[in-house]
Every structure is written in C-alpha cells, then in structure tokens.
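Right, one structure below, let's go through it.
The values are calculated or read from the model by the stated rules, or taken from the named source; none is laboratory data. What you see is a predicted model, and the numbers here were worked out from it, not measured in a lab. Please note: Cβ atoms are built from the backbone with ideal geometry, for glycine as well, and neighbour counts cover all protein chains shown. Each accessible area value is taken on the protein alone, full model and side chains, heavy atoms only, with ligands, DNA and RNA left out. Shrake-Rupley method; radii C 1.70, N 1.55, O 1.52, S 1.80 Å.
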Amino acid sequence: ATAQIGVTGLAVMGRNLARNFARHGYTVALHNRTPSRTHALIEEFGHEGNFVATERPEEFVAALERPRRLMIMVKAGDPTDTVIEEFAPLLEPGDMIIDGGNAHFADTRRRERALRERGVHFVGTGVSGGEEGALHGPSIMPGGSAESYASLGPLLEAISAKVDGEPCCTHIGPDGAGHFVKMVHNGIEYADMQLIGEAYDLLRQVGGYHPPQIAEIFRRWNTGRLDSYLIEITAEVLAHTDAATGAPFVDVVQDRAEQKGTGRWTVQIALDLGVPVSAIAQAVFARSSSGHTDLRAAYRDLPGAGARPLSAHEAETFTAHVEQALYASKIIAYDQGWKMIMDGSAEYDWDIDPGAVAAIWRGGCIIRAAFLDRIRAAYAADPGLVSLLSDREFGQEIGGAQQSWREVVATAARHGIPVPAFSTALAYYDSLRAERLPAALTQAQRDFFGAHTYRRTDREGSFHTRWAEHDRPEVSA
Ligand code: NBP
C-alpha cells in the first residue's frame, strides 16, 4: 500500500482532482467503473506524478495506505450509494470515504450515519470551481468528523486554491455541513448570475449600449468593488463575436437557462428552514420561467411600457446607477445566503464559522470575488453578526447606493424590463427596514377567517376577536 489517496470516478472532475493530488507529490490510486478511463488517464497524464492504476475494487483498496482515504467522484445520487456499497465492506475502522460529488446534504447525513456505525468516516465534501478548478485549485468544503479532517485536511488544503497564501479549504462542520454550504454557494451563484444578467439587460435595453460596449462597462466595474470571476467572464462573453454569423455571441444563444438542481435545493431547504432567500429564489424562478416557451408565447403580444431609450448622456448616469443597484442587490443576496448557512448550522448543530466560509470562497470557486474579503472582515470584527448590514461598512455602502437602486428598479418598471432579483432584493431591504409591516393586517385577516389569534402592540398575551358577533368583542385566547 503506497497511495496516500485514491480517487474512484475519473470523469472530468475526478480525473482533474487526481492529477491535482499527483502534481502536489501525493501517490494517487486510480479506479473507475469502466477501466478504459483509468488507462486513458495514465496514458495522457501518467508523467505528471505517481499513480497506481487499479481495476478491481479490492486492488484499489489494497493500494491505499492506512487509514485509507478513498475519494468518490461519481455522478451524484444513486451511483454514489452503489459505489459506497461496493467499497464499504472492504474498509476498516478509521478509514475515510470522501464524497466530492454534488450530493444533497440530507443524503450525506444519511450516509455518514450508516458508515459511522461501521467505524468508517464519511466526509461529504463540496468542491467548487468546475473542471479547471479541480485541476488548478478548487474551493473545498469538507464536512464529516474533526478526526477525519486531521488526517485528510492537509491533502485537501494542498490541492485547494490559495489566496494570500491561505488555502481555500477548511473543515466546515460535522456530517452534511460541507455539502450544505456547497449547496448555498451554488444558490448564491444563481442569484449573482441573475443580478448580472439583469444589469446587462438594463444597460442594453434602457441604456441602448451594444454588447461590446457593455463588456467594456463590466471590465471597468471589475476594477472596483464588483471585482469578481463572474463579472470577468461576463465581459469575456459579451465581447465575443459568433464566428458563424458575425453577431454578438450572446444573441445567438437561446434565451432559456437550464439548471442542474443545487439552486432549487437551496430554495427548497430555505423554505423548510423558514429563511427568506428571496433573491436566490427569484434567480431559480427566472431560469425556469425562461424555459416556459408556451407561457412566453401566450404573453408575448401583451402591451408593454413603450418608454423611449435614454439619451447618451442619460445612459451614462444610468450606468452609474446600475452599478450601485447591482452592488446593493449583491449584498442582499449574499446576506440571505449567509443567513441560510447560519440557520442551517443552528438547526443541525454544525457550529459553522461564517467568516471561514467567506475566506475559502475568495479563490477557486465560481463566486470568488474581492467582496468576500469584506465579508470575512465583517465577521472577524463581529463573529456574532446577525446580518452583513449590521456591519458598519456594509450598512454605509447600501445606504449610499439605495437612491440609485430605487432609480434603477423604477426605471426598469417604467421601461417594462424585468428585474426580479434587483426588485426583490430592494423589497427585502425595505421590508426589514420598515417600522411597520402589513403583516399586522395579514394576522388580523387570519384571525377573522380562521380564529388564528393575534398579539397586541400594547399588551402581553394572545387575543381573538369574535368577528361574527355584532359588537366584535375581543377575548383572551
Ligand atoms: P459525472 O457526474 O458525469 O459522472 C461520471 C462518473 O460517474 C464516471 O466516472 C462514471 O463511471 C461514474 N458512474 C456513474 Br455515471 N454511475 C456509476 C455507477 N453506478 N457505479 C460506478 N460509477 C458510476 O462526472 P463529473 O462531471 O466529473 O462529476 C463528478 C461529480 O462531481 C458529480 O457528483 C458532480 O455533480 C460533481 N461536480 C461537478 C462539477 C462540474 O463542474 N462538472 C463541479 C463540482 C462538482 P463510468 O466511466 O464507468 O461511466
């Protein structure tokens, strides 16, 4: 047994993670259901480091030094269970199975429990950064026991992205914590992408700019507080011309966004936890409504706003407002994501460090951004922060942006341009800021039709009004 780590599942992600481990000097045992993938890896990349190619599960397990570190990179869902069932009987107490696939955290909790009974550590691990990240340094979010992290952490930290010399990998918390945090990462990613899409749409349809000009605007924004991977690639996409037609590339792509499910999971779980992740939810809904071809055909000829496009001078001012609106909405989306992480952490006793999550998302992952350093700093200053907006700097920034934000949402409505994420983020801001909410009326209605009771502003206790009686007497409930 010579390999410090083994990877089974050698499609794009597994292959690149295996190469990343090897490039960092680790001996890597390789396994794949279909052996041709294993041999292809050795043929193409065998020179990159020390690999032990294996075909049978027994051979694979025997190649691993003890305690064994066996990483699964297969398609999430049933294949993961199949592979666990295949290998678990071959393992011994103290060994570790690392699942780096996009598993649902509830599955991870179930698998962890089952394997713990056999003395095997199950480490559900979020891996972000796609194919390139897997090879050059992803952001890694391992869950599982602290004991397993002590043995595994150094390897994962070695292959992770680095920012200012710090690894983008930390022990997130027990059982499903890593996959939960990865799920919320993807939810935030959905919201961020939707917000950027709305900014682009406004600049184009209201501002009258062409895609290459918008690419320039995004490039400029990328030198400021919006500096991020997503803004950077947006500029690349918008500057790209389609070779076949000579049209802006963005115009030849069908306007229907697909999804693999982690955004949807985020919203489903948020509903269960009662966390209002409205910006993430709007992003998921925006993708699904874009795909409703029949509905879009039914609505297509309905009247719109018909507002005139802006003059060049107005467009310049508007662009500055859009930058403010984008930044403010982004703060809200991330604030909602962090709230979800902290509520999940409380619900499942994970004790997640919110600042550490910001730190490991600064590099390697899709939402990597300068902004995350700010979030980290905010939690460093006050680990008990209820909201990012309780941080003085974020509070000041959003205060400075809010007039522009309102201007943008109002302009969008006047022009008939949909900005679901911008407007829901602003509504969230205004809801939580409000001195009084119409929730009072909602509660009164509930009492009227369902005797659901209400609390008074002036006295303790629960009350019910007998609405059906002539003089509507109030009784203590
Ligand atoms: P895929 O998700 O396409 O899975 C292909 C791999 O799963 C192959 O190695 C295949 O083996 C194996 N497999 C399947 Br399918 N069913 C199996 C079974 N019943 N038993 C054993 N092996 C089975 O690969 P991927 O795109 O590299 O992603 C791997 C994991 O990483 C997924 O969970 C994915 O969600 C996650 N992830 C992907 C990305 C990304 O950007 N692609 C990013 C982060 C995380 P075969 O060769 O024999 O068919």
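General observations
- Test: residue in the stretch 67-82 that is in contact with a strand residue (DSSP E or B) (Cβ under 7 Å, 6 or more places away or on another chain), within 15 Å of the ligand (Cβ to nearest atom), among the acidic types (D, E) and under 28 Å from D349 (Cα atoms): no
- Filtered by the rule that a residue be in contact with a strand residue (DSSP E or B) (Cβ under 9 Å, 6 or more places away or on another chain) and free of Cβ contacts under 8 Å to residues at least 24 places away in the same chain, the stretch 36-52 gives H39, I42, G46.
- The listed residues are T457, T411, and the only one of them that is hydroxyl-bearing (S, T, Y) and loosely packed, with under 13 Cβ neighbours inside 10 Å turns out to be T457.
- Residues (of a type in the set (V, I, T) and within 16 Å of the ligand (Cβ to nearest atom)) located in the stretch 87-131: I97, I98, T108, V123, T125, V127
- Of all residues in the stretch 162-173, none are hydrophobic (A, V, I, L, M, F, W, C), within 13 Å of the ligand (Cβ to nearest atom) and either in contact with a helix residue (DSSP H, G or I) (Cβ under 9 Å, 6 or more places away or on another chain) or under 29 Å from P93 (Cα atoms) (or both).
- Residues in the stretch 112-130 that are open to solvent by 60 Å² or more (accessible area, probe 1.4 Å) and either at pLDDT below 95 or more than 26 Å from the chain's Cα centre (by Cα) (or both): 3 in all.
- Search result, residues across the stretch 33-58 that are of a type in the set (A, V, I, L, M, F, W, C) and open to solvent by 50 Å² or more (accessible area, probe 1.4 Å): I42
- Of all residues in the stretch 162-171, those satisfying the criterion of being open to solvent by 10 Å² or more (accessible area, probe 1.4 Å) and either within 22 Å of R113 (Cβ to Cβ) or in contact (Cβ under 8 Å) with a residue 40 or more places away in the chain (or both) are K162, V163, E166, P167, T170, H171.
- Residue check for D335: under 21 Å from the mean Cα position of the chain (by Cα), open to solvent by less than 50 Å² (accessible area, probe 1.4 Å) and farther than 25 Å from E216 by Cα: yes
- Looking across R362, R472, one residue alone is outside any helix (DSSP H, G or I), touching a strand residue (DSSP E or B) at 6+ places or on another chain (Cβ under 8 Å) and at positive phi. It is R472.
- Yes/no for D343 being surrounded by fewer than 17 Cβ atoms within 10 Å (Cβ to Cβ), more than 15 Å from the chain's Cα centre (by Cα) and assigned to a helix (DSSP H, G or I): yes
- Residue match in the stretch 54-74 (condition: at positive phi and not polar (S, T, N, Q)): no
- A single entry from A444, A434, A425, A440 fulfils the requirement of being free of Cβ contacts under 8 Å to residues at least 40 places away in the same chain, of a type in the set (A, V, I, L, M) and surrounded by 13 or more Cβ atoms within 10 Å (Cβ to Cβ): A444.
- Residues within the stretch 134-151 that are open to solvent by less than 10 Å² (accessible area, probe 1.4 Å) and either within 13 Å of the ligand (Cβ to nearest atom) or among the hydroxyl-bearing types (S, T, Y) (or both), tallied: 6
- If the condition is being part of a helix (DSSP H, G or I) and either among the charged types (D, E, K, R) or open to solvent by less than 70 Å² (accessible area, probe 1.4 Å) (or both), then the stretch 297-316 contributes A297, E314, A315, E316.
- Residues within the stretch 30-76 that are part of a helix (DSSP H, G or I) and of a type in the set (S, T, N, Q), tallied: 2
- Filtering the stretch 84-111 to residues that are open to solvent by less than 20 Å² (accessible area, probe 1.4 Å), part of a helix (DSSP H, G or I) and not small (G, A, S) leaves I84, F87, F105, T108, R111.
- Across the stretch 1-32, the qualifying residues are those that are within 13 Å of the ligand (Cβ to nearest atom) and surrounded by fewer than 16 Cβ atoms within 10 Å (Cβ to Cβ), and the one among them that is nearest to G137 (Cα to Cα) is V12.
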